[in-house]
Each structure stands twice: as structure tokens, then as C-alpha cells.
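S.K.: Below: one structure in C-alpha cells.
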Amino acid sequence: MNFFRGVMGGQAAGPQPSGAETIQKLCDRVASSTLLEDRRDAVRALKSLSKKYRMEVGTQAMDHLINILQTDRSDSEILGYALDTLYNIICNDEEEEQDESEDAVTPLSASGKHKNVSMPDETAQKQADDLGAQFTDQFIQDPEHVTLLLTLLEEFDFHVRWPGVKLLTALLKNQGVQVQGIILVSPMGVSRLMDLLADSREVIRNDGLLLLQQLTKSNAAIQKIVAFENAFERLLDIITEEGSSDGGIVVEDCLLLLLNLLKNNSSNQNFFKEGSYIQRMKPWFEVGDDNSGWSAQKVTNLHLMLQLVRVMVSPVNSPGATASCQKSMYQCGLLQQLCTILMATGVPADILTETINTVSEVIRGSQVNQDYFASVNAPSNPPRPAIVVLLMSMVNERQPFVLRCAVLYCFQCFLYKNQKGQGEIVATLLPSTIDANSISAGQLLCGGLFSADSLSNWCAAVALAHALQDNLTQKEQLLRVQLATSLGKPPVSLLQQCTNILSQGSKVQTRVGLLMLLCTWISNCPIAVTHFLHNQENVPFLTAQISENLGEDERLVQGLCALLLGICIYYNDNSLENYTKEKLKQLIEKRIGKENFVEKLGFITKHELYSRAAQKPQPVFPSPEQMLFDHEFTKLVKELEGVITKAVHKSSEEEKKEEEVKKTLEQHDNIVTQYKELIREQDAQIQELKEQVASMTSQNEQMQNTLTQQLSQIQQHKDQYNILKLKLGKENQSQSNSQGDISQVNGLQTEELTQLREEVEELRKQHTLLQTQLGDKDALINTLRSETAEGSAAGSDNTELLKELEALRSQVQSQSAEINQMKTERQELLRRAEAGSSDAFSSNDGSSDAAKIAEVESRLAAQTTETEKLKEEAKSLSESRVELEQQLASATSTVAILQTEKAKLQTEVQESKKEQDDLLMLLADQDQKIHSLKQRLKDLGETVDDEDDLDARDQTDDDYEEDEDED
């Protein structure tokens, strides 16, 4: 142990070893010692030297420390020392971690030089960062080292888990992408890290938040995994436990992690909304009446909370997802809570600014939210609308610049796709709605438009332009606005006043704002163009501005003047004789030159601030002087630049040709539209016919099933009849010798024959009735057949129906023939029975042989049994007859339905004939043209089919159709 006493600061004789030599000896000890205590002491010594001799320890000891992590898993103390040592050599933070009292032993170097830990020098800090990245690369060169570290994080021991969390965080800071990739493919890697949030020790939980922040940076896959590991629920619970906005740094870390998970991640945003987590955000913004004494941490927390709301409704998100989140925020009361903060007093300026921006994006493009915002009133006496209060701040030059930008953005979002709100703003400027006792939004905008502050001019002009965006009605309404400039002078229109201020040569920012307003106003509004050109001074002023060679600052104004003049050409309806399209183009060619005009027009898009404004809707400018372009105006420039350039270069002849082409295209479009409507109608008719054919087909199938059942019943009746006929034939062949017995037998036979005659007579009547009904049915079927044959042009489906009806008719006829045959056979049987009876009465009366009497009695008993069977069979025949009558009734109702459908078909056939007549007229014209073309081909010597052959073919077709009609 003398060696360790020398290393740990004991008084040893002889020269002291250098730091590198000491570290080398410690590394040898770690590698060669067999006792766990010796290795533990050596690793502890390396930990104490790792901050002072970071390079040496990292170079010599890293492999030995990793080996300790792999081999000494059973001892938590040596694991903790090894992890702390690795953290010290990999971490690039300037702040030193406080060591435990038992570890606070620092050896003295022989040279007496000590490393200066806090090095403000940027070069030294850069070297330290490079050193940390170098050691990180060495550590993650083998991915199993990171996997080993993730496994160690499952240890519950504080001395292992906490340094493991810090080490992994340092690795992610230095080489985030590579470490993220290793963790992503590691089994249960992210899940192990999520368990840190459930640790009861706050220091591990808090450092786990920092670890997850680094882990989720710019990695959508890991963000999704973390979100589906119930991260939202855990983080929101921690925020609530820590006091929400009044909480400390832990709340800030949770909010930063939530921002990482939700920003630019549509899947997580949808999961956050579907999980009803938006509703849990509302309590964050419940600030009390006493808003004094906001701590810096509370301001930071609330600022991050507002950013979190903005992430969910950002304009860069998909419109559907944004609209869904906006709806949820209104329904749960979050928007109302934000408006309360907006109108509260004592709120810090930066929180108020961010709240305005948040409210702006919550209401942007949502009609319900915009209507609610329009109804919000400030708690003043008398109450004023929130919009008016915000506009008062926008046109007040004493307000902070960022606040004024936020109010402008809020006003723009309120009017975005909100024609109702645009109409309400413009209405406050119209003479009939002006209230002298109150301040309106229109009055504030006019006041800012003509104030001495150039920033107020620009903001008011842009705000008023948004009230006219894509709204032709409000552009025309704003032409009615009249302004009283001074006492004793007649009022002038708002359009004229804008051009007057423009010609007075004010600041560039003011002129740019007015030009943007005028371009938005008169674009796509010929009436406004006419009003603008009606002032004789406007066109000379614009041409003079464009033609002059001005400085760099004036180039943007020249470009906007060129755009305004181009709009006057493109949307000109030629109602003013002096300023028609052609005369304006001639004026440009003479005074400016077409090429010069196009070059000046291109100054707008080439300006450095144009691209910045085109990126996102929110006006963000580093200084008031750079506030020149509006986002919506950049869209207008992009839309009009190309068409104005073409309009200036086109000649009058080209314009006439284009107009003719447009008219021709319109005519073709009308013709195509008519044919489309005709095709739609025919499709509808065909669909109806198909439905009718389908219903008739189903009815036909039902009738066929009914006929099949009837045929089976008839076959049964025939079989029963044949059996009866055989039995009666046997009885007629036998002769009886006993008169008394024969009289008794004949009496019984006579009674049975009488019943049979009655039944046959009843069957004969029923047969006659059925035959009459079948005749009516045949006539109806023939009528339907002829009418269906006439309407065969309506479609091939009717031909199939006709075939099915013909088959039905043949089956009915066969059934009738079978019934007639049965009737004939029944009559023959009765005739034979009567003949047998008469023969029996004319036989020998004097015969009294006892043997014959016994034989007759036995035969009588057999005939009695057979008679009972015949009665039962006759009863079954009666029941069958009832069923046949019911089936006939159903067939009759089916015929009635077919008659109704036949009437509909007749109507449709008549309409089809009308359409066919029209088509025949077109075909006649077509045939005439074909005939003329054939004649010309014959004149030219070409071979053409002879018309006689065609006529012969037509004649053959006609003969074939006549034969079919005869059949």
C-alpha cells in the first residue's frame, strides 16, 4: 500500500512521479490487480486525476475503465468510480462537478503546475470540445459500449445509475446522431431511458429529463417511440406536481422536452390531441388577479408554455391538423384563458407579446375562433373591443417594436380567410356606420395611415390591405370612404388621399406601405383601377418615378410603382378612353421602355428582405427600418409579375387573337358542358332502366319458381289419378252373382260415383275459370311482348325479358294441356264406371251361390278401403287447387306491376325516340358529308364501296327484320 500512499498525497522519499507516470501505474494496477479492493482504489485515484489530467487519463485509462464496467458488475462502488471517470474525460462543461468528500483527494504534480479549469479563452474551450468529441468517438467506436451503458442504467443503485445518466447525456451532446442511432437499434433502449422519469430520486429524474432532451433532438423516430412510451402523461404529471408555471427549473426541462417531441412531428401532435392533452394545458394559464412580482423562472415557464400551444397550431402544420387543434382549444376554454391574459394588467411585456402571437395562430383561419375573438372586450369603462385596444397599441409609436409587430400579426390572422371580419372592419370606415362617440378600428387605421410615424403608416397600410385581401366586395366598398382633410375644403376619397401622400415624397417605409395597399386594393378590381386612373396625376407620377435613375434605397419604390402601373394595365376594362390598355403600353414604351420597365419590376423580388418575408406569415424583423414586406403581398407579387410582363410585351393584335381564342374556348366549353349534361341524363336513364330490368328479372325468377312448384304438384296429381284409374278398372272387370249383395255394392259405388261426379264437375268449373284467367294472362303477355318489341331500341336488356316472358307463356300453355288431358281421362273413367254399373243391374238375378256372396263381401270391404283412400286423395286435390288459386292471384298482381312498368318504359321509349330523331338529323348531315367526300374520292380515282352494295345489305337487313316480326 506504500504505492497508494504516495499517489494519494503521502510524504514519500525521493522525487515525485509525474502525472502521466502516475496514471500509467494506476492503469497497470487496474489491469493486473487480482483483488477487487486494489482495483477499486486504483479507479478511485484515476477519478480524482481525470479532471486535472483529462488527456492522459482518457488516452491511457479508457479501455481499462470499460473493461471494469464489463467484468466488475457485482460491485456498485467500482462501477460508480469508473462511470464518473469516463464522464469527466468526455464531458465538455466548464463547470466542475463537486466530488464527494471521500473522493476529494488531489495529488500534487512534481512540476507544481496545475490545470486552470475555468478557461475563458475561446481557443482553449474549442480544444476541450474537440477533446471530448475525440474521446466520445473512441467510446462509441464499439456500439456494444453504449449497449453496456444502457444495461447499467437498469441498476437501481444511486452510485451507478446517476453517473450512468450523466455519461450518456455527455455522449449525446458530443455525438448525438451516432449515439441516437445506436440507442434506436438497441433492444428496449428507449424504454430503459423512459424508466428514469419514474425514479423516486429527483436528481436522477431531473437528469433523466436532460438526457431525454438530448436524445429526442432532431430524431423523429425516437420522438415517436418516446411519445408512445406514455411520455406526455408523465411529463404533464411532473409539471402539475412541480406547480405548473410557478414551478422551478424542472418544469422548464419538461416543457423543453415536450417541445422536442411535438415540433415538426405531425404524428406526435395528432397523438397529443387525440389523447386529450390539450385540455390539460388550460390550467397553466390561470394567472391570478395579482400579476405583480413575476419571477424570471415563471416568465420562462409561461413563455415555453405559450410556445407549446403555438407548435400545435403553427401555420406550417397541415391545415386539417391545425383546424382540429384550434377547435379543441376553443372547446376546452384555452382560447378564452389566453384572451383573459391578453386583456389583463400587470403582465410582463414579453409574455404579453408572446400571448398575442399565440392567440393569433389559434384564431388564424378558424371562423369560430375569429368570431369569438371579435366578441372579446377589454375591461375598460366603457368596454372596448379587444381588436380596438390592440390597434391602439399598434399605431402608438411609444409601444415596443416587438409588441407592435405582434399586434399586426394578430390583426392579420383575425382577417385571414374571414370575409365577415373584413366586412366589419371596412364598415367602420363607411359614412353610414361611423360613430362619433367611440373609436373604431377603421378610425385607428386611418389615423395610423396618415400619422407622422413611418412605422405606423406601414403597419396601418398592411392591416388595411389584409381587410381587402381576396375580397372584391370590400375593395368596392372602400372606394366610398371620404376623408375630411382640412376645414373649408371638400372631402377627398381614401384612394385619392393615399396617392396624395405618396406624391409628397415621404419616407421610404411609408411609400412602400402605401404602394402595397394600392396594389392589393386595385388588383382584380377593374372599378378600383378606373377610380385610380381617373385622377390625371397618378399615371404621370408613376411613369416619372419608374423612369428616373434613383439610388439603391429608391429601387424598391420604383419596382412597386412599376407593379402598380402593370396592375392598371392588366385589370383595365378600357372604360377610360385616355387610359386604355393599348395607350398605357404605348406610354410605357415611349417614356420608360419595355425592357427598362420589366427590369424595374424585377427589383421587388431581388430585394434581400423579400425572401425573408415570403418564408412565414409572422412579421419578424430585427429592426423597424427593415420592416418593408408583408407575407401576403409577396404572394401577390409572385402571382402578378409574370402576367404583367406578358401583358406589357403583347401587341394589340395578339390581345385580339387571345380574346378570340378565349371566346372560342368558352363556346367549346359550353358545348362540352351541354354534352356532359346530356350524357349525365342518359346515364341516369340507363341506370333506371337497368334497375327496372333487374326488378323484372327477379320477378320472372319468382314466377318460374312458382311454375316449377305447380308442375311438381300436377305431376303428383297425375300419379294419384293413374293409381285411381287402375283401381277402378279392376273393379269394373269383376262381376258379382249375388243380387242382394250386388245391389248393396252398386249402391255404395253409386254414392261414391256421385261424389266423384260432383268433384269432377267442380274441377271442371275451376279449370274453366283458370283457363279464362290464363287466356287473359296470355293476351296481356302478348301485349307486353309487342310493346317490348317496339321499345327494343332502349337496350338489349328488354330482349332478354321478352325471352323470359315467352318461356313463361309456353310453360303455362303446357300446364293447360296437361289439365285438359286429365279432364278427358276423368270423363272416360266416369263413363266406364257408369257402364259397369248398368251391366251389373242386367246380370242374373236368380243366382245365390254362397261362395260368390263371400267373394263379393271381401271385394266390397277392399273397395270400401280404397274409397276412403280416394276421399283423402280428393281432399289433397282440393287443397292443391286452393294453392293454385293463390299462386294465380300472385301472378295477377305481378302482371299489374308489369303493366305499370310497361307504361314507364313507353314514356322512356318516347323520350329515347326524340333523342334518336335528333341524332338521325345529325347522322343525315354526316351522311351527306360522307357522300360528298366519296364523290370527291371517285373524282380523284380512288376506289370507293358501291352504294348499291350498301343498299343491298340494308335491304337484306330489312327483310330479316320483317321475318322476325312475322314470327
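The values are calculated or read from the model by the stated rules, or taken from the named source; none is laboratory data. Everything quoted here is computed from the prediction, not taken from an experiment. FYI the Cβ positions are ideal-geometry reconstructions off the backbone, even for glycines, and counts take in every protein chain you see. In case anyone asks, the SASA skips ligands and DNA or RNA and just uses the protein heavy atoms, side chains included. Shrake-Rupley method; radii C 1.70, N 1.55, O 1.52, S 1.80 Å.
S.K.: Conditions first: (1) under 30 Å from Lys583 (Cβ atoms); (2) at pLDDT 85 or above. Glu660 passes all but one, so which condition is the exception?
M.R.: Of (1) under 30 Å from Lys583 (Cβ atoms); (2) at pLDDT 85 or above, only one is false for Glu660: (2).
S.K.: OK, next. In segment 24-58, which residues are touching a Lys or Arg at 6+ places or on another chain (Cβ under 6 Å) and open to solvent by 20 Å² or more (accessible area, probe 1.4 Å)?
M.R.: Lys52
S.K.: Going by the conditions given, is Asp63 open to solvent by 70 Å² or more (accessible area, probe 1.4 Å) and charged (D, E, K, R)?
M.R.: Yes, satisfied.
S.K.: So which residues in segment 555-579 are surrounded by 17 or more Cβ atoms within 10 Å (Cβ to Cβ) and assigned to a loop (DSSP other than H, G, I, E, B)?
M.R.: Tyr571, Asn572
S.K.: Suppose we keep only residues that are under 36 Å from the mean Cα position of the chain (by Cα) and under 15 Å from Leu304 (Cα atoms) within segment 342-354. Which one would you say is surrounded by the fewest Cβ atoms within 10 Å (Cβ to Cβ)?
M.R.: Only one residue tops the list, namely Leu352.
S.K.: Quick check on Glu885: is it within 56 Å of the chain's Cα centre (by Cα), acidic (Asp, Glu), assigned to a helix (DSSP H, G or I) and at pLDDT below 75?
M.R.: no
S.K.: Looking at segment 129-143 only, could you name the residues that are more than 42 Å from the chain's Cα centre (by Cα) and either surrounded by 15 or more Cβ atoms within 10 Å (Cβ to Cβ) or assigned to a helix (DSSP H, G or I) (or both)?
M.R.: Within segment 129-143, Asp129, Asp130, Leu131, Gly132, Ala133, Gln134, Phe135, Thr136, Asp137, Gln138, Phe139, Ile140 qualify.
S.K.: A follow-up question, please. What number of residues in segment 580-593 are open to solvent by less than 50 Å² (accessible area, probe 1.4 Å), free of Cβ contacts under 8 Å to residues at least 60 places away in the same chain and assigned to a helix (DSSP H, G or I)?
M.R.: Adding up the residues that qualify gives 3.
S.K.: Quick one: which of Asn418, Asn377 is of a type outside the set (Lys, Arg) and open to solvent by 30 Å² or more (accessible area, probe 1.4 Å)?
M.R.: It is Asn377.
S.K.: Just wondering, is there one or more residues in segment 685-699 that are among the β-branched types (Val, Ile, Thr), modelled with pLDDT of 85 or more, over 30 Å from Arg831 (Cα atoms) and touching a helix residue (DSSP H, G or I) at 6+ places or on another chain (Cβ under 8 Å)?
M.R.: Taking every residue of segment 685-699 in turn, at least one turns out to be among the β-branched types (Val, Ile, Thr), modelled with pLDDT of 85 or more, over 30 Å from Arg831 (Cα atoms) and touching a helix residue (DSSP H, G or I) at 6+ places or on another chain (Cβ under 8 Å).
S.K.: Spot the failing condition for Pro619; the list is (1) touching a Cys at 6+ places or on another chain (Cβ under 6 Å); (2) assigned to a helix (DSSP H, G or I), and only one is missed.
M.R.: All conditions are met except number (2).
Rundown of residues vs (1) open to solvent by less than 30 Å² (accessible area, probe 1.4 Å); (2) over 24 Å from Asp350 (Cβ atoms), yes/no style:
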position: Asp237; (1), (2): no, yes
position: Glu252; (1), (2): no, no
position: Ser266; (1), (2): no, yes
position: Asn270; (1), (2): no, yes
position: Tyr277; (1), (2): yes, yes
position: Met305; (1), (2): yes, no
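S.K.: For segment 144-231, please list each of the helices (runs of 4 or more DSSP H) lying entirely inside it that holds at least 2 residues being surrounded by fewer than 15 Cβ atoms within 10 Å (Cβ to Cβ) and hydrophobic (A, V, I, L, M, F, W, C).
M.R.: 176-185, 220-228
S.K.: (1) modelled with pLDDT under 90; (2) in contact with a helix residue (DSSP H, G or I) (Cβ under 8 Å, 6 or more places away or on another chain): which one isn't true of His466, the others all being true?
M.R.: (1)
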